[in-house]
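Let me begin by presenting the structure, written as structure tokens, before commenting on it.
The values are calculated or read from the model by the stated rules, or taken from the named source; none is laboratory data. Everything numeric in this text was worked out from a predicted model, so none of it was measured. Positions of Cβ are generated from backbone atoms using ideal geometry, with glycine treated the same way; all protein chains shown enter the neighbour counts.
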């Protein structure tokens, strides 16, 4: 039985805690959060203890940590976990600063501990099917990738101000998806952005609508569109167009029912947000992480995003920011 300490008792932390509770091979041993009441509530719900950071890392029975606390805490927690020899699953982004992110990767590598990032979309069954089909060459050479990601509503302005910006906070998932599909680091990044949804986002120095075009050394292209608003739910779509065909993953809905009348056809709306859309992906991601800790995964770590891959997605996000400011194609 693996003992896991969870840092962060917020929305993502609660997902990880519930998924750990459903595993026969792992348990939530402790919860750490700057809000003692939140930590206590989550720990009591799953039979875990509450700890301070120092108390948690002094626990010799721990095998792994899941870091779901605020981004500015990631580097210190990664470093402390690496010093203890604990396997690490950290939510995105690894850090907002590339140098600190690199330092986190380096400290984990020096300690010889596995460090993975919570890019859970890799474990969505539909996206995984697209990836496996195109990466195994089933449709020939990849030519164009199209990724659409639109949130149902914008986040609060105070969150935007500390989020690191749309490219590092929201599009980082899509940039990881592009890297995962392409299997190579793009050579060029061109980005445009606007504030069309909420003036407060612009006042906070960010954009709420953006398009990025990535080009690769092989000529393959990837187009990513993001919006902080979507009237019909959580819009998550992926298409990979190849020389011999296309692989597509469309939006999920609660059921696939379509009703037809004389007035036309009516289908159900997309799922409301990521908690529902990626519920299964979070469980599968946790399973892959546990397999790694138990030494039961293959060379690809079950598809988990490594710390080094997280650095590449951050480099793309930084290049997109530079491109939006300069109006030019930038190199990552």
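Being in a loop (DSSP other than H, G, I, E, B) and on the phi < 0 side of the Ramachandran plot is a description that does not apply to residue 282. The numbered conditions (1) over 30 Å from residue 232 (Cα atoms); (2) touching a helix residue (DSSP H, G or I) at 6+ places or on another chain (Cβ under 9 Å); (3) not assigned by TED's automatic domain parsing to the domain that holds residue 251 are all true for residue 139 except (3). More than 13 Å from residue 149 (Cα to Cα) and crowded, with 19+ Cβ neighbours inside 10 Å: does that describe residue 238? No, not satisfied.
Within the stretch 34-56, residues that are buried (at least 17 other Cβ atoms within 10 Å of the Cβ) reach partners that are in a loop (DSSP other than H, G, I, E, B) with beta carbons closer than 7 Å, at six or more positions or on different chains, in the pairs 38/9; 39/9; 39/33; 42/9. Assessment of the stretch 129-136 against the conditions (over 21 Å from residue 102 (Cβ atoms), free of Cβ contacts under 8 Å to residues at least 40 places away in the same chain and either touching a strand residue (DSSP E or B) at 6+ places or on another chain (Cβ under 9 Å) or assigned to a helix (DSSP H, G or I) (or both)) yields at least one matching residue. Exactly one residue out of 17, 60 is without any contact (Cβ under 8 Å) to a residue 40 or more places away in the chain and crowded, with 16+ Cβ neighbours inside 10 Å, and it is 17. Only one entry of 325, 281 meets the criterion of being over 30 Å from residue 85 (Cα atoms) and at pLDDT 95 or above, and that entry is 325.
Looking only at residues of the stretch 73-89 that are free of Cβ contacts under 8 Å to residues at least 40 places away in the same chain and either under 22 Å from residue 36 (Cα atoms) or not assigned by TED's automatic domain parsing to the domain that holds residue 10 (or both), we find that the one that is surrounded by the fewest Cβ atoms within 10 Å (Cβ to Cβ) is 76.
At least 2 residues being in contact (Cβ under 8 Å) with a residue 60 or more places away in the chain is the threshold, and among the helices (runs of 4 or more DSSP H) wholly inside the stretch 161-236 those reaching it are 166-169, 172-182.
Evaluating residue 293 against the criteria (1) surrounded by fewer than 16 Cβ atoms within 10 Å (Cβ to Cβ); (2) over 19 Å from the mean Cα position of the chain (by Cα); (3) at pLDDT 95 or above leaves one unmet condition, (1). Of the residues 26, 56, the single one that is more than 21 Å from residue 121 (Cα to Cα) and out of contact with any helix residue (DSSP H, G or I) (no Cβ under 6 Å at 6 or more places or on another chain) is 56.
Tallying residues that are within 13 Å of residue 230 (Cα to Cα) and touching a strand residue (DSSP E or B) at 6+ places or on another chain (Cβ under 8 Å) within the stretch 263-273 yields 3. All of 109, 103 fail the test of being touching a strand residue (DSSP E or B) at 6+ places or on another chain (Cβ under 9 Å), surrounded by fewer than 21 Cβ atoms within 10 Å (Cβ to Cβ) and outside the structural domain of residue 250 (by TED's automatic domain parsing), apart from 109.
For the stretch 241-269, a residue qualifies if it is surrounded by 15 or more Cβ atoms within 10 Å (Cβ to Cβ), touching a helix residue (DSSP H, G or I) at 6+ places or on another chain (Cβ under 8 Å) and more than 13 Å from residue 124 (Cβ to Cβ), and the qualifying residues are 242, 247. When you scan the stretch 294-301, do you find a residue that is in contact (Cβ under 8 Å) with a residue 40 or more places away in the chain and on the phi > 0 side of the Ramachandran plot, even just one? Yes, because at least one residue in the stretch 294-301 is in contact (Cβ under 8 Å) with a residue 40 or more places away in the chain and on the phi > 0 side of the Ramachandran plot. Residue 220 meets all of the listed conditions (1) farther than 21 Å from residue 119 by Cα; (2) crowded, with 22+ Cβ neighbours inside 10 Å; (3) at pLDDT below 95 but one, namely (3). As for the stretch 142-151, it holds no residue that is in contact with a helix residue (DSSP H, G or I) (Cβ under 8 Å, 6 or more places away or on another chain), modelled with pLDDT of 95 or more, assigned to a helix (DSSP H, G or I) and more than 30 Å from residue 83 (Cβ to Cβ). Residue 302 passes every criterion in (1) surrounded by fewer than 18 Cβ atoms within 10 Å (Cβ to Cβ); (2) at pLDDT below 95; (3) part of a helix (DSSP H, G or I) apart from (1).
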